[in-house]
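The values are calculated or read from the model by the stated rules, or taken from the named source; none is laboratory data. Fair warning: this is a prediction, and the values are worked out from it, not measured in the lab. Note that we place each Cβ from the backbone using ideal geometry, even for glycine, and neighbour counts take in every protein chain shown.
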Amino acid sequence: MSDLNTLYDEATKLKDVGDLEGAVAKLREILVQDDKYVLAHTALAVHLQKLGHNEQALAHAKKVVEIEPDDPFSHAQLSVISQRCGMINEAEDALAQSNNMGAGGCGSH
């Protein structure tokens, strides 16, 4: 797992210097070794959406929900990615699912 974490750290550094395509390549290296490495899918959803690869971004956001279906933040991220990709109905559905699971944000307790 430490090798995967090292690759993830390298991807983060590439993203931090503005090399999203390099970061995407590193994250894909992780998924070759472990297709359920949720942080890689989470980051890929964001980076690919920023690069305009909306279908791929949505696929990774959906994979996060598949891997962690009980995590409200998985659904919240799917909502954000869906909204940014122009899929408003899907975004609203994912947000409702997230809210129903308890990701209401500050002051919701």
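Considering each of Thr42, Thr12 in turn, give the residue that is on the phi < 0 side of the Ramachandran plot and crowded, with 20+ Cβ neighbours inside 10 Å.
Result: Thr42 is the single residue among Thr42, Thr12 that is on the phi < 0 side of the Ramachandran plot and crowded, with 20+ Cβ neighbours inside 10 Å.
Return the residues of region 60-102 that are small (Gly, Ala, Ser), buried (at least 18 other Cβ atoms within 10 Å of the Cβ) and at pLDDT below 90; say none if nothing qualifies.
Within region 60-102, Ala91, Ala94, Ser98 meet the criteria.
Quickly run through region 1-14 and pick out the residues that are over 20 Å from Ala59 (Cα atoms) and assigned to a helix (DSSP H, G or I).
Those that are over 20 Å from Ala59 (Cα atoms) and assigned to a helix (DSSP H, G or I): Ser2, Asp3, Leu4, Asn5, Thr6, Leu7, Asp9, Glu10, Thr12, Lys13, Leu14.
Would it be correct to say that Ala57 is closer than 23 Å to Glu10 by Cα and either crowded, with 16+ Cβ neighbours inside 10 Å or within 12 Å of the chain's Cα centre (by Cα) (or both)?
yes
If only one of Val24, Val32 is within 20 Å of Tyr8 (Cα to Cα) and surrounded by fewer than 16 Cβ atoms within 10 Å (Cβ to Cβ), which one is it?
Residue meeting the stated conditions: Val32.
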